[in-house]
Amino acid sequence: MRSRESAPPNRTDTAEREGVSAAAPGDIVTPGSDDSARDGNPAAREGSADRALEGSPAARAAEGRTALGSGDPAAANLGSAAPDRLVASRYRNAAPIWTDPAVDEVLPQLESSAVLAAIRSATVGMPVERAACAPFIHGRWAFSHNGAVRDWRRTLTAASSDLDTAATLAGVTRLFETIHLLEAESATDSATVWVLLSKLLDAIAPDGIVDSPAAALRVLVAAILTHAPSSRLNFLLGDGETLWATTVHHSLSALITDDYAVLASEPYDDDRRWQLIPDRQLVIARPGRLLIEPLSQQPKGQSL
């Protein structure tokens, strides 16, 4: 998808259709699609659109990769979550992006201030279906995963058990019962990872198991790598105002200006302002601001 998407004010659009992503001030659009290959990358506008967060910032992304862009220079604290009034929506299509008429007939009419787009390259053995396509959404959150969780059923069951123990120690019980993994939209590692991450995001509290979206990502990555250290875990998370990402065995680049912030699995043009993010990093981005920290840095709150 090469053109800008636009949408009515105060609405977030998310597209899911593995491909390209791009966005500009306005609402949130998150595209996503399935090209039958799944190391779908985080990028700000890939093949489909899911109608993302209301009244959120601008985004841009690169083809065939996942990227997320946000454009809200006035946001108060870098890393803080957007108000609950924001709601993510999306468009997804399991067909190859080049066969979807909506890419040319509908998406060019959408405009958004925040976009998360992903083009899916399905891992061998994973289902090729709409429900398996990123972005995955929950409330104001939109999520994409570029990579693969090794032996994902065993690994994520074990990670869920570890998270349940940590949550219980923090005074939160029954948050990560194994049966909750059945809530995944599709029988894939990414959809199941999202079940765990969305519960961590819901549990954010000053004295809880995690106290921020960044801490939630750190805890989840650590839990997965404990049981499957060779997993590739480039996560991309957005709430319509801020972008969070992790780099584990996959590339990620950032393009930050005063007007917009873009995180993409690789640069989509020759702009010299692109920054390559090192491996094993946590990234937080907003227009005019970029924070990069080692994933190994101890998060606040309970740890695994």
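The values are calculated or read from the model by the stated rules, or taken from the named source; none is laboratory data. As the structure is a prediction and not an experimental result, all values here were calculated from the model. Please note: Cβ atoms are built from the backbone with ideal geometry, for glycine as well, and neighbour counts cover all protein chains shown.
Here are the numbers for this structure:
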{"read-out": "Qualifying residue in segment 120-131 (condition: buried (at least 24 other Cβ atoms within 10 Å of the Cβ), on the phi < 0 side of the Ramachandran plot, touching a strand residue (DSSP E or B) at 6+ places or on another chain (Cβ under 9 Å) and in a helix (DSSP H, G or I))", "value": "no"}
{"read-out": "Any hit, segment 168-179, residues being of a type outside the set (K, R), touching a residue at least 40 places away in the same chain (Cβ under 8 Å) and either in a helix (DSSP H, G or I) or more than 22 Å from V283 (Cβ to Cβ) (or both)", "value": "yes"}
{"read-out": "Close pairs from segment 283-297: first without any contact (Cβ under 8 Å) to a residue 60 or more places away in the chain and part of a strand (DSSP E or B), partner surrounded by 18 or more Cβ atoms within 10 Å (Cβ to Cβ) and of a type in the set (F, W, Y), Cβ under 8 Å, at least 6 apart", "value": "V283/W244"}
{"read-out": "Residue among S198, S160 that alone is in a helix (DSSP H, G or I), among the polar types (S, T, N, Q) and in contact with a strand residue (DSSP E or B) (Cβ under 7 Å, 6 or more places away or on another chain)", "value": "S198"}
{"read-out": "Some residue of segment 204-223 being within 14 Å of F143 (Cα to Cα), assigned to a helix (DSSP H, G or I) and free of Cβ contacts under 8 Å to residues at least 24 places away in the same chain", "value": "yes"}
{"read-out": "Of all residues making up segment 67-93, the number that are at pLDDT 85 or above, touching a Pro at 6+ places or on another chain (Cβ under 9 Å) and part of a loop (DSSP other than H, G, I, E, B)", "value": "2"}
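Condition check ((1) in contact with an Asp or Glu (Cβ under 9 Å, 6 or more places away or on another chain); (2) at negative phi; (3) surrounded by fewer than 23 Cβ atoms within 10 Å (Cβ to Cβ)) across all residues:
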| position | (1), (2), (3) |
| --- | --- |
| V195 | yes, yes, yes |
| P206 | no, yes, yes |
| V210 | no, yes, no |
| S230 | no, yes, yes |
| G238 | no, yes, no |
| A245 | no, yes, no |
| D258 | no, yes, yes |
